[in-house]
Amino acid sequence: MNLAESAWPEAAADLLVVPVGSMEQHGPHLPLDTDTRIATAVAASLGRVVAPAIAYGASGEHEQFPGTVSIGSEALRLLLVEYGRSACRWAPRIVFVNGHGGNASALASAVKLLRYEGRDAAWWTPVIQDGDAHAGRTETAMMLHLAPGSVRMGAAAPGNTAPAGDLWQAIREGGVAAVSGSGVLGDPTAATAEEGRRTVETLCAELQAAVDGWSPDGHGRIAA
């Protein structure tokens, strides 16, 4: 059920699902709301009441690229806390479904506080085995499955394909632009919709298992 399209008598639910994304560059071939679209699709797979996505996140490392709008970790943390406090007045349980790695620290801090205050909140974030870092094969494949009309494969080209761990220090110091002029970390050119379908289905199953198990860790994160 889509919360935004519901009348208030229809909105009561034992679990409210809230996608959390970003508005940030994803290379010259993917839309700025890629993370939000992926988070929303995975969240919807639960078949529960799904809220409109929180579409802005902590994306400061991408701000050298036009179109990126970051609200930063502290603003996102405050937004999540107040969101949870309000929604938990009528939803006994809430889960934030994250689509952008840069949001993790804000989610962990916010949900830890919500739980300390007695609210049954949790957050989930995808872990993709052998996935590349940003706007490469992994995200491109998922978008070819979810929204093929938004993918500009003619503009897709390899970016910096070095292991992500080798790039983080340079990114922390100078942003993604310091290591990739296109904003791509990985190689999107071999991405396929079939690979994207398999990846999305795996993430949906992992989210379902995490929600079914509902065992938040010390920072409120749930996992399969």
Subject >> Ellipticity estimate at 222 nm from DSSP helix runs (n ≥ 4, -39,500 (n - 2.57)) divided over the chain, nearest 500 >> reply: -11000 deg cm²/dmol
**OP:** May I ask for the net charge around Thr34, where only other residues with Cβ less than 10 Å from the Cβ of Thr34 are counted and Lys, Arg are +1 while Asp, Glu are -1?
**Re:** -3
**OP:** Express the accessible area of the stretch 73-117 per residue in Å², computed with a 1.4 Å probe while the remaining protein chains stay in the model.
**Re:** 45
**OP:** Once you've got the GNM for the chain with C-alpha springs shorter than 10 Å, pick whichever of Thr34, Thr161, Thr199 has the biggest mean-square fluctuation.
**Re:** Thr161
Subject >> Full-extension gain in nm, His219 to Ser105, via 0.36 nm per residue minus C-alpha separation >> reply: 40.1 nm
Original post:
Net charge near Asp120, counting Lys/Arg +1 and Asp/Glu -1 over other residues with Cβ under 12 Å of its Cβ?
Top reply: +1
**OP:** Taking each pair of different alpha-carbon atoms in the stretch 1-111 once, compute 1/r for the pair, average those values, and report the inverse of that mean as the Kirkwood hydrodynamic radius in Å to one decimal.
**Re:** 14.3
Original post:
Roughly speaking, what is the stretch gain from Trp168 to Gln64, that is 0.36 nm per residue apart minus the C-alpha to C-alpha distance, in nm to one decimal?
Top reply: 35.8 nm
Original post:
Largest first, what is the accessible-area ranking of Tyr83, Tyr116, Tyr56 with a 1.4 Å probe?
Top reply: Tyr116, Tyr56, Tyr83
Original post:
Can you list the residues, at least 5 places off or on another chain, whose amide H is less than 5 Å from the amide H of Met23, using H built in the peptide plane?
Top reply: Gly57, Val69
Subject >> Gain in span if fully extended, Arg89 to Glu74, counting 0.36 nm per residue against the direct Cα distance >> reply: 3.1 nm
Subject >> Pairwise FRET efficiency - Asn2 versus Ala209, Cβ, R0 = 25 Å, nearest 0.05 >> reply: 0.60
Original post:
What accessible surface, in Å², does a 1.4 Å probe find on Asp132, ignoring ligands, DNA and RNA and rounding to the nearest 10?
Top reply: 50
Original post:
Leaving out ligands, DNA and RNA but keeping every protein chain, what accessible area does His145 have, in Å² rounded to the nearest 10, with a 1.4 Å probe?
Top reply: 70
Subject >> Cut-off of 10 Å, at most 16 other beta carbons, DSSP loop: longest stretch of the chain lacking such GluC sites (Glu not before Pro) >> reply: 118-224
Subject >> Whole-Å semi-axes of the stretch 3-213's equivalent ellipsoid (Cα gyration tensor) >> reply: 30, 20, 14
Subject >> P(r) weight above 16 Å for the stretch 174-224, C-alpha pairs, percent >> reply: 64
Original post:
Over the chain, what relative contact order in percent results from Cα pairs under 8 Å that are six or more residues apart?
Top reply: 23
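The values are calculated or read from the model by the stated rules, or taken from the named source; none is laboratory data. Note that this is a predicted model, so its numbers are computed, not measured. All Cβ positions, even for glycine, are placed from backbone atoms using ideal geometry, and neighbour counts span all protein chains on display. Quick note on the areas: whole protein, heavy atoms, side chains included, nothing else; ligands and nucleic acids left out. Shrake-Rupley method; radii C 1.70, N 1.55, O 1.52, S 1.80 Å.
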